[in-house]
Amino acid sequence: MALFPLGNGPQSELSVCLNDKNHKGVALSKLPIIKFQPSRHKRVAGGHPWVYSNEIVMDATAKALEPGSMVRFIAHDGTVLGMGSFNPHTLIAGRVFSRRPLDVIDATWFAEKFRTALDRREALIPSPYYRLVHAEADGVPGLIVDRFGPHLSVQLNTAGMQKMWPDIQKALEALFKPQSIVLHNESSVRALEGLDRSVNLEKGETSGAIEVVENGLTYFTDVLQGQKTGWYFDQRDNHALVARFAKGKTVLDLYTHAGGFALLAAKIGAKSVVGVDSSIPALALAEQAATHNKLQGRCSWVRADVFDDIEARISAKETFDIVIADPPPFVRSRKDVATGARGYRKLAMKAACVVAPGGLLYIASCSHNMELALFIAEVARGLHEAKREGQILFTTFAAPDHPVHPHLPESSYLKGLLIRLD
C-alpha cells in the first residue's frame with residue numbers, strides 16, 4: 001500500500017535519485033579503525049549494536065576523530081566486527097550500522113533500510129500513519145522517522161545520524177516524495193552527543209493541524225509545534241484495548257494530550273468522556289478531532305494540572321467507570337528512579353480513588369529506566385494506599401511499529417497495566 005511508485009529497474013526514478021555521482025558513502029576498507037581492548041569485543045561480536053568507550057583503545061587517533069565519523073570496529077586480533085558511527089566524547093562511543101563487509105553507508109543503503117521498514121509496517125498497519133523507523137531495532141541507530149501520510153517527522157539523536165542527514169533526506173525523498181519533512185531535534189539525548197536542540201521545517205510546508213488516522217478514527221496533530229515527533233503512535237493498540245470496554249461507560253482520560261484514549265472511547269460508545277491536560281494547544285487539537293468525528297456531544301476537555309484535577313474530583317466524590325493515566329516520563333535518568341517511582345505510586349493512588357467499584361484503571365509509564373517489575377510494585381502500593389483491591393487484566397507495551405532490539409531490553413520503554421478495581 002505504498003503511496004508512491006518506487007520503480008523496478010536500474011533506471012527507475014529511485015535508483016537515479018540515489019545513485020548520483022555526488023554521494024558521500026565510504027567503503028569499509030577506507031574507514032578509520034577503532035580497535036577493541038583484548039577480549040572486550042565479545043558483546044558486540046555477539047550482536048549488540050553499541051560500543052562503549054571503556055571497551056576500546058581510546059588512543060590519540062581515536063580521540064581526534066570528529067563526532068559522528070564512520071569507522072571500522074575491529075577486535076584486538078584484527079577481526080573486522082562491522083562499521084558504524086563513532087563519537088569519542090560519549091559513553092556509548094560507537095553504534096554499529098552494518099556487519100556486511102561490502103556495504104557502503106550512503107543514500108542507497110538508507111533507502112534499503114527504509115524500504116524494509118516500510119514493508120514491515122505495511123504488513124501490520126492499514127494506513128500510512130506509524131513509526132516508520134525505530135532506531136536500532138530497524139538497523140539505523142539513533143534515527144527516528146514517524147510518518148503522517150505525506151508528512152515525515154524525523155529525529156536525529158546521534159552525531160552519526162546528524163552527519164548522515166543529507167543521505168537520509170535523499171533516501172526519504174526518493175522513496176516517499178513527502179509534502180513536508182520536520183526535523184524534531186529537541187531530544188535530550190542530543191545534548192549528550194554534543195548536538196544542539198531545535199525543531200526545523202526542512203522541506204515543504206506544514207502549518208497548524210494535520211490528520212492522523214488511527215483505529216479508524218481521525219485525530220489531529222501539529223508536527224511542527226507538537227510534543228515529541230507529533231503523535232504517540234506507540235499507544236495505538238492500547239487506545240484500542242481500553243476502548244473495547246468503554247461502551248456505555250463514563251471515562252476520565254488524564255494527560256489526554258490530543259485525545260488519543262478519550263476520542264476512541266467516545267467513538268466506541270462511551271456515555272461521556274472527560275479529557276484533562278495542562279496544554280492548551282493539545283486540548284484544542286482534541287476538540288478539533290471531536291468536532292470532526294461528530295463526538296463533541298460526549299466529550300469535554302479540562303485544562304488543569306492533573307493532580308490538582310484529581311484532588312478536586314476526590315473532594316467532590318466523583319467516580320468514573322474507566323480512568324486512564326498516561327503521564328509524561330516521571331523518570332528521565334537513572335538518578336530519578338526513586339523520585340519517579342514515588343510519582344507513579346502517588347498517581348496510582350489518586351487515580352484509583354476516582355474509579356467506580358468494578359471499574360477499570362489503565363496506568364502507563366514511558367520511562368525506560370522504570371523497569372516493569374518496579375512499576376507494578378509501585379502501582380500496587382498506590383492501590384493499597386487508596387484502600388482498593390484489584391486484578392491486572394492486561395500488561396501492555398508499545399505497538400509493533402516500535403519493535404525492540406533483542407540485545408537492547410532497555411528499548412522496551414513503554415509499559416502499562418489495565419487493572420480491574422473492586
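The values are calculated or read from the model by the stated rules, or taken from the named source; none is laboratory data. Here the structure is a predicted model, which is why all the values come from computation and not from measurement. No Cβ is skipped: glycine too gets one built from the backbone with ideal geometry, and neighbour counts run over all protein chains shown.
The residue that is surrounded by the most Cβ atoms within 10 Å (Cβ to Cβ), counting only those in the range 381-422 that are closer than 16 Å to A351 by Cβ and free of Cβ contacts under 8 Å to residues at least 12 places away in the same chain, is H384. hydroxyl-bearing (S, T, Y), part of a loop (DSSP other than H, G, I, E, B) and in the same structural domain as T291 (by TED's automatic domain parsing): is that true of T218 in this structure? Answer is no for this residue. Taking the residues in the range 322-336 that are modelled with pLDDT of 95 or more and either part of a strand (DSSP E or B) or not charged (D, E, K, R) (or both) as candidates, determine which candidate is surrounded by the fewest Cβ atoms within 10 Å (Cβ to Cβ). If we take residues in the range 322-336 being modelled with pLDDT of 95 or more and either part of a strand (DSSP E or B) or not charged (D, E, K, R) (or both), then P327 is surrounded by the fewest Cβ atoms within 10 Å (Cβ to Cβ). Sort out which residues of the range 197-226 are surrounded by fewer than 19 Cβ atoms within 10 Å (Cβ to Cβ), farther than 17 Å from L152 by Cβ and either modelled with pLDDT of 95 or more or within 16 Å of the chain's Cα centre (by Cα) (or both), and write them in order of number. Within the range 197-226, N215, G216, T218 qualify.
Can you tell me how many residues in the range 338-378 are in a helix (DSSP H, G or I) and under 21 Å from E318 (Cα atoms)?
Number satisfying all stated conditions: 8.
For the condition modelled with pLDDT of 95 or more, farther than 17 Å from L360 by Cα, acidic (D, E) and touching a Phe, Trp or Tyr at 6+ places or on another chain (Cβ under 8 Å), D253 does not qualify. Determine if the range 154-166 includes at least one residue that is crowded, with 24+ Cβ neighbours inside 10 Å, assigned to a loop (DSSP other than H, G, I, E, B) and touching a Gly at 6+ places or on another chain (Cβ under 6 Å). Yes, the conditions are met somewhere in the range 154-166.
Screening the range 234-321 for strands (runs of 3 or more DSSP E) wholly inside it with 1 or more residues that are of a type in the set (D, E, K, R) and surrounded by 24 or more Cβ atoms within 10 Å (Cβ to Cβ) returns the ranges 250-254, 272-277.
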